[in-house]
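Trainee: To start, I am sharing the structure in question, which I have written as structure tokens.
The values are calculated or read from the model by the stated rules, or taken from the named source; none is laboratory data. In this text the structure is predicted, and so the values were computed from the model without any measurement. Neighbour counts are summed over all protein chains in view; Cβ atoms, including those assigned to glycine, are modelled from backbone coordinates with ideal geometry.
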Amino acid sequence: MGWSEFRAIPFEYNDEVRQIDEQLLRLVAGRKKITGAAQYHPPQEIVDEWVISLDMKEEDLRYVLRSVQPMPQKHFFPREEIKLTGVVPIMKKTVKDSCEYVITHSMQYETESIVHVEIQYKGSEAERVHVVPHLALEIISEQGHVSMRHSSRGGGGETQLSYRVVPALPSSLENVQFSLIPSIPELEYKVEEVILDKQVDFD
């Protein structure tokens, strides 16, 4: 076979799987007719029941549920420049499972917010720990917000996350609640890799 020829890659599929897929799609379409543009999320106790009865991981369950929510992803990466209007301090802190979580602040733009979160491992042998945050940000308010992972950095027992929130958060957060829920960011959106493999010379 020459370099210009391609081998056809067979995909496994059969009528049994097709019937299940069609049922899934019909259920998703039926759910959207009921919910419309509103976001519907089950309470934690129901998720806990499904984890046991369906023998699934919680992050997998939440990924499936989030994937059928109305997600206006086109608004997350606007092409035009958006104006920074201010910074809202949040400073909400909690400790769970040897980790300290702090929602520090929100960078306020005209149409969206960037919420910043810091996580620090406080347990023993912290120098041997590498924190891997599989977490999504959920915001509970009368307005109704959609969030998506914006960036992450850090290493060892510390990490910093930011989430893009649409529409922008209000300047007063008195009636706004924040939660971090299990979610695998690699499943939420596909990240395009930029491979740097060329020689770079410095004059």
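Trainee: Can you say whether Q160 is more than 25 Å from K57 (Cα to Cα), buried (at least 16 other Cβ atoms within 10 Å of the Cβ) and in contact with a Gly (Cβ under 9 Å, 6 or more places away or on another chain), as far as the supplied structure shows? Give the steps one after another, and end with the answer.
Mentor: Values: more than 25 Å from K57 (Cα to Cα): no; buried (at least 16 other Cβ atoms within 10 Å of the Cβ): yes; in contact with a Gly (Cβ under 9 Å, 6 or more places away or on another chain): yes.
It is false that Q160 is more than 25 Å from K57 (Cα to Cα), buried (at least 16 other Cβ atoms within 10 Å of the Cβ) and in contact with a Gly (Cβ under 9 Å, 6 or more places away or on another chain).
Trainee: May I ask you to list the residues in the range 163-198 that are in contact with a Ser or Thr (Cβ under 9 Å, 6 or more places away or on another chain), at pLDDT 75 or above, surrounded by fewer than 16 Cβ atoms within 10 Å (Cβ to Cβ) and closer than 22 Å to E58 by Cβ?
Mentor: Within the range 163-198, just Q177 meets the criteria.
Trainee: Would you mention how many residues in the range 108-157 are in contact with a Cys (Cβ under 9 Å, 6 or more places away or on another chain), crowded, with 17+ Cβ neighbours inside 10 Å and farther than 28 Å from S67 by Cβ?
Mentor: The number of residues fulfilling the criteria is 3.
Trainee: From the list S106, S152, S141, which one is more than 16 Å from the chain's Cα centre (by Cα), hydroxyl-bearing (S, T, Y) and either at pLDDT below 90 or assigned by the TED database to the domain that holds Q44 (or both)? Steps first, please.
Mentor: Details: S106 fails: either at pLDDT below 90 or assigned by the TED database to the domain that holds Q44 (or both); S152 fails: more than 16 Å from the chain's Cα centre (by Cα).
Just one listed residue meets the conditions, S141.
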